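The structure that follows is given in the form of structure tokens.
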Amino acid sequence: MTKQLLLNDLNTQQKDAVLHNKGPVLVLAGAGSGKTKVITHRFAYLSGIQKVAPMSILAMTFTNKAANEMKERIEDLTQKSTNGYWIGTFHSLSSRILRRDIDRLGYRKDFCIYDDDDAGNLIRSILKDFKIHEALYRGILSKISSLKASLVGPEDLLSNEDSYGFDEKFARVYVRYQDELKKNNALDFDDLIMCTVRLFEGHPEVLKRYQKEFSHIMIDEFQDTNTSQYRLSKLLASGHKNICAVGDDDQSIYKFRGAEVKNIHLFRKDFAKTKVIKLEQNYRSTQSILDIADSIIARSPNRMPKKLWTDRGSGEKIFYCVASNELEEARYIAQSIKELYQKGKYHYKDIAVLYRVNQQSRFLEEALRENGQPYRVYGGISFFQRKEVKDIVSYLKVIANQDDSVSLKRIVNCPPRQIGAATITRVENEARKREESLYQTMKYIMKSSSYTNSLKDKISSFTNIIDNLIDHKETPVPELIGLILKKSGYLEWIGEDKADNLSELRKFSEGKDLKSFLDTASLFSGLDESNPDDSVSLMTLHSAKGLEFPVVFLAGIEDGLMPHFHAIKDPEELDEERRLFYVGVTRAQDMLVLSGAKKRRLYTSVQEQQPSRFLADIPAGCYQCIEKRPRADAISSAAIKAPVTHTAISPYAAGARVRHPKWGVGVVRDSYGETDDVKVMVNFSSVGIKRLSLKFANLERI
């Protein structure tokens with residue numbers, strides 16, 4: 001591709017960001033301003049026009065979904081495969097570096113990666129040993145994660161007691177947790193980056209090798225970097241300084257995960273002569289939506305000023321509905337969605353309902369179910385956290401690394417083999433004495449005369465299966481999964497109703513070797529899943545980051561929810577709540593509806609609610625206010641202005657496929673009316689939406 005062709009569809013600021021190929025550049029990319037386009041075109045420009053070796057360009061982002069989109073766009077631009085390129089998440093790329101050099105830190109290169117569930121199980125077992133109440137484990141795991149994100153290991157905690165608010169019990173747990181990880185030859189998510197930083201800082205010759213290997217570095221969503229991620233980026237770029245950071249301080253919303261919005265300001269200080277480029281043209285939203293967003297975020301202190309604009313026109317009005325309670329709010333949203341769908345302009349998958357806390361989804365789900373509307377709640381159990389999937393992945397982990405005692409404990413009695421808690425405790429006690437993994441100890445017990453044949457028989461029922469599977473560890477992963485299911489008897493145990501997920505797992509593993517598949521499985525997150533079905537998306541505002549929808553409903557725009565009551569007294573947290581509201585607004589492409597309730601049950605009591613203080617920052621005339629009063633019959637949508645009718649039971653329910661003598665095959669969108677005069681709305685591919693009376697339409701169910 002020629003330079004001219006590559007730059008053709010970029011605006012002036014995007015071109016500047018793509019063409020700046022020497023020295024540091026900070027791209028302040030407002031919401032919907034085409035930041036991914038800049039990164040992918042910049043990669044294509046460097047590798048295609050500037051003849052920089054593609055393997056020497058390091059591109060880091062935060063989710064697998066974003067990384068895969070980046071790869072696909074680069075392949076489209078360059079017409080070359082990105083296999084082997086250094087494009088991925090901070091965690092996956094750190095894992096790749098550690099696979100080469102982690103032995104310098106005292107780990108084996110075949111280390112396994114513990115997800116949050118694995119780490120939680122390990123913490124629980126440590127708390128049990130220490131006789132500390134198990135209910136504390138989530139708080140402990142979160143605190144450990146926060147310390148690691150700040151590059152504070154257990155040795156730092158012990159040597160700087162005063163600096164970190166020293167707690168002896170917590171310190172003991174942290175030290176033991178890290179020791180157990182190393183004994184299991186395992187890293188948790190936060191270790192991946194912390195260990196990479198430690199590798200570079202403790203072994204300068206390794207750092208120099210990677211500085212030489214990566215001549216250019218690009219970082220997406222830079223505002224979401226924490227201390228360890230920023231340190232990693234800075235170390236790698238400290239030689240050539242050819243670093244491009246793309247981010248938006250207005251969209252920094254992950255402080256609870258350790259993200260530091262100040263890193264954007266530090267970047268300009270740490271990299272002298274940084275060129276700053278602002279992307280302010282928005283390609284996503286209408287001007288009406290951007291006006292709301294701008295009025296909200298303009299009050300944020302210490303931000304880098306930018307003002308989004310679009311050539312899409314004003315678009316639909318913005319509505320703000322005030323309902324009497326959360327039930328009426330939910331019914332209003334569900335009815336509005338129904339009417340939008342019936343008009344045929346939007347599919348259910350085009351619509352998202354966003355809220356501040358998961359608790360809000362309950363009434364929304366009930367209202368959508370009452371209307372027979374399909375929906376999907378994000379933030380639930382991801383594919384790799386489903387029990388049957390997690391079980392088989394644990395078998396694979398043990399096959400790859402017999403020192404992984406956490407995974408072994410999960411599968412040792414799965415399916416049941418009469419290896420109960422008492423047996424496991426005996427093995428654990430022996431393992432502690434011998435300072436060995438559970439699997440090594442099991443092998444010892446099998447040979448020792450100190451143990452009964454009954455115990456040996458129980459253990460051998462498991463170790464024989466694992467030994468046999470280890471002999472097949474080089475088998476392609478889909479076939480290896482098949483062997484696990486066959487030799488363990490797992491498939492017969494769970495039954496056919498859950499077998500589909502395991503078939504999906506085998507498909508997912510195609511073309512991957514065991515180690516790369518396990519890394520992918522461990523680093524997979526619910527945020528990487530998409531919504532392939534035609535269903536409404538329900539999710540928290542934090543989960544919506546990086547997504548966009550033609551229609552967005554923002555529910556619960558009230559003080560105490562938006563902003564959250566925990567943040568109201570802390571100026572920094574209140575400012576992050578403002579940015580969170582801004583992120584929610586800017587997810588909308590065509591239509592935005594805000595809603596709130598006068599009364600809402602929060603936690604244990606019904607409370608009088610006040611509209612969000614952020615609404616006061618929006619100039620009069622930017623949105624139209626609607627007040628909803630409770631009614632005994634169906635709730636009409638004042639925003640959409642469509643008539644309300646009572647749905648009758650009909651064989652032509654929504655989703656039914658029908659054939660019309662003139663217009664051919666269509667899908668029923670809705671049916672309603674009295675029993676002797678049922679009407680249907682049908683979407684025909686040939687003519688669009690038609691409203692028909694069943695008495696005269698001559699429809700045929702197919």
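Does residue 491 qualify as being surrounded by 15 or more Cβ atoms within 10 Å (Cβ to Cβ) and touching a residue at least 60 places away in the same chain (Cβ under 8 Å)?
Taking the combined requirement at face value, the residue does not satisfy it.
Check segment 688-696 and report whether any residue there is of a type outside the set (S, T, N, Q), in a loop (DSSP other than H, G, I, E, B), at pLDDT 75 or above and open to solvent by 50 Å² or more (accessible area, probe 1.4 Å).
No.
Could you tell me which of the residues 432, 426, 417 is charged (D, E, K, R), touching a Lys or Arg at 6+ places or on another chain (Cβ under 9 Å) and more than 30 Å from residue 523 (Cβ to Cβ)?
Being charged (D, E, K, R), touching a Lys or Arg at 6+ places or on another chain (Cβ under 9 Å) and more than 30 Å from residue 523 (Cβ to Cβ) holds for just one of 432, 426, 417, which is 417.
If I filter segment 138-159 for residues that are within 26 Å of residue 410 (Cα to Cα), part of a loop (DSSP other than H, G, I, E, B) and open to solvent by 50 Å² or more (accessible area, probe 1.4 Å), do I get at least one hit?
no
I need every pair where a residue in segment 344-357 that is part of a loop (DSSP other than H, G, I, E, B) has its Cβ under 9 Å from the Cβ of a residue that is of a type in the set (Ser, Thr, Tyr), sequence separation at least 6 or different chains.
That search, which allows pairs on different chains as well, returns 347/341; 356/540; 357/540.
Could I ask something else about it? Could you list, in sequence order, all residues of segment 389-431 that are without any contact (Cβ under 8 Å) to a residue 24 or more places away in the chain and more than 37 Å from the chain's Cα centre (by Cα)?
The answer is 422, 429, 430.
Which of the residues that make up segment 436-489 are among the hydroxyl-bearing types (Ser, Thr, Tyr) and assigned to a helix (DSSP H, G or I)? Let's see the steps before the verdict.
So the first thing to find is which residues in segment 436-489 are among the hydroxyl-bearing types (Ser, Thr, Tyr), and the list is 437, 439, 441, 444, 448-452, 454, 460-461, 463, 475, 488.
Result: 439, 441, 444, 454, 460, 461, 463, 488.
While we're here: Looking at segment 12-116, what helices (runs of 4 or more DSSP H) fall wholly within it and have at least 1 residues that are over 21 Å from residue 211 (Cα atoms) and open to solvent by less than 10 Å² (accessible area, probe 1.4 Å)?
Values: elements: 12-19, 35-44, 64-78, 90-101.
Counting at least 1 such residues, we get 12-19, 35-44, 64-78.
Right, something else. Which of the residues that make up segment 590-626 are open to solvent by 90 Å² or more (accessible area, probe 1.4 Å) and of a type in the set (Asp, Glu)?
608
Scanning for something among the hydroxyl-bearing types (Ser, Thr, Tyr), at pLDDT 95 or above and within 27 Å of residue 210 (Cβ to Cβ), does segment 232-239 turn up at least one residue? Break it down stepwise before answering.
Within segment 232-239, the subset among the hydroxyl-bearing types (Ser, Thr, Tyr) is 233, 238.
Okay, now just the ones that are also at pLDDT 95 or above, so 233.
Restricting the remaining residues to those that are within 27 Å of residue 210 (Cβ to Cβ) gives 233.
Checking segment 232-239: at least one residue is among the hydroxyl-bearing types (Ser, Thr, Tyr), at pLDDT 95 or above and within 27 Å of residue 210 (Cβ to Cβ).
For segment 649-679, which positions are touching a Ser or Thr at 6+ places or on another chain (Cβ under 6 Å) and modelled with pLDDT under 65?
Matches in segment 649-679: 650 only.
Which residues, counting only those in segment 398-407, are within 18 Å of residue 515 (Cβ to Cβ) and touching a Phe, Trp or Tyr at 6+ places or on another chain (Cβ under 9 Å)?
Residues satisfying the conditions are 398, 401, 402, 403, 404, 406, 407.
While we're on this one: Collect the residues in segment 323-357 that are open to solvent by 10 Å² or more (accessible area, probe 1.4 Å), in contact with a strand residue (DSSP E or B) (Cβ under 6 Å, 6 or more places away or on another chain) and not hydroxyl-bearing (Ser, Thr, Tyr), keeping them in residue-number order.
Answer for segment 323-357, where residues must be open to solvent by 10 Å² or more (accessible area, probe 1.4 Å), in contact with a strand residue (DSSP E or B) (Cβ under 6 Å, 6 or more places away or on another chain) and not hydroxyl-bearing (Ser, Thr, Tyr): 325, 326, 342, 344, 350, 356.
Looking only at segment 593-614, how many residues end up being farther than 21 Å from residue 577 by Cα and of a type in the set (A, V, I, L, M)?
Number satisfying all stated conditions: 1.
Out of all the residues in segment 535-545, is one or more surrounded by fewer than 19 Cβ atoms within 10 Å (Cβ to Cβ), over 14 Å from the mean Cα position of the chain (by Cα) and at pLDDT below 90?
Scanning segment 535-545 turns up no residue that is surrounded by fewer than 19 Cβ atoms within 10 Å (Cβ to Cβ), over 14 Å from the mean Cα position of the chain (by Cα) and at pLDDT below 90.
Being in contact (Cβ under 8 Å) with a residue 24 or more places away in the chain, more than 29 Å from residue 128 (Cβ to Cβ) and out of contact with any Pro (no Cβ under 9 Å at 6 or more places or on another chain): is that true of residue 480 here?
Criteria met by residue 480.
Does residue 438 satisfy the criteria of being open to solvent by less than 20 Å² (accessible area, probe 1.4 Å), at pLDDT below 90 and more than 15 Å from residue 392 (Cα to Cα)?
no
If you don't mind, another one. Given (1) buried (at least 21 other Cβ atoms within 10 Å of the Cβ); (2) closer than 30 Å to residue 364 by Cα; (3) without any contact (Cβ under 8 Å) to a residue 60 or more places away in the chain, where does residue 314 come up short, assuming only one miss?
(1)
When you go through (1) of a type in the set (Ser, Thr, Tyr); (2) under 22 Å from residue 18 (Cβ atoms); (3) assigned to a helix (DSSP H, G or I) one by one for residue 228, which number turns out not to apply?
Only one criterion in (1) of a type in the set (Ser, Thr, Tyr); (2) under 22 Å from residue 18 (Cβ atoms); (3) assigned to a helix (DSSP H, G or I) is unmet by residue 228, namely (2).
Do we find a residue being in contact (Cβ under 8 Å) with a residue 60 or more places away in the chain, under 28 Å from residue 62 (Cβ atoms) and open to solvent by 10 Å² or more (accessible area, probe 1.4 Å) anywhere in segment 201-211?
Yes: segment 201-211 contains one or more residues that are in contact (Cβ under 8 Å) with a residue 60 or more places away in the chain, under 28 Å from residue 62 (Cβ atoms) and open to solvent by 10 Å² or more (accessible area, probe 1.4 Å).
Okay, moving on. Restricting to segment 248-287, name every residue that is open to solvent by 20 Å² or more (accessible area, probe 1.4 Å), part of a helix (DSSP H, G or I) and in contact with an Asp or Glu (Cβ under 7 Å, 6 or more places away or on another chain).
255
Still on this structure, I have one more. Taking only pairs six or more apart or across chains, which ones have beta-carbon atoms under 8 Å, a first residue in segment 587-598 that is in a loop (DSSP other than H, G, I, E, B), and a second residue that is not β-branched (Val, Ile, Thr)?
587/352; 587/354; 587/544; 587/547; 587/548; 587/549
Of all residues being of a type in the set (Val, Ile, Thr) and in a loop (DSSP other than H, G, I, E, B) in segment 562-586, which is nearest to residue 314 (Cα to Cα)? Just the residue, please. Outline the logic, then answer.
Of segment 562-586, the ones of a type in the set (Val, Ile, Thr) are 568, 583, 585-586.
In the following step, the residues that additionally are in a loop (DSSP other than H, G, I, E, B) were identified as 568, 586.
Values: 568: 33, 586: 14 Å.
Looking at the filtered set, the residue picked out is 586.
Restricting attention to segment 446-453, does a residue exist that is in contact (Cβ under 8 Å) with a residue 24 or more places away in the chain and either open to solvent by 10 Å² or more (accessible area, probe 1.4 Å) or of a type in the set (A, V, I, L, M) (or both)?
no
The values are calculated or read from the model by the stated rules, or taken from the named source; none is laboratory data. This one's a predicted model, so the numbers in the text were calculated from it and none came from an experiment. A quick note on method: Cβ atoms are made from the backbone with ideal geometry, for glycine too, and the neighbour counts reach across all protein chains shown. Just so you know, the surface numbers come from the protein's heavy atoms only, side chains and all, with ligands and any DNA or RNA stripped out. Shrake-Rupley method; radii C 1.70, N 1.55, O 1.52, S 1.80 Å.
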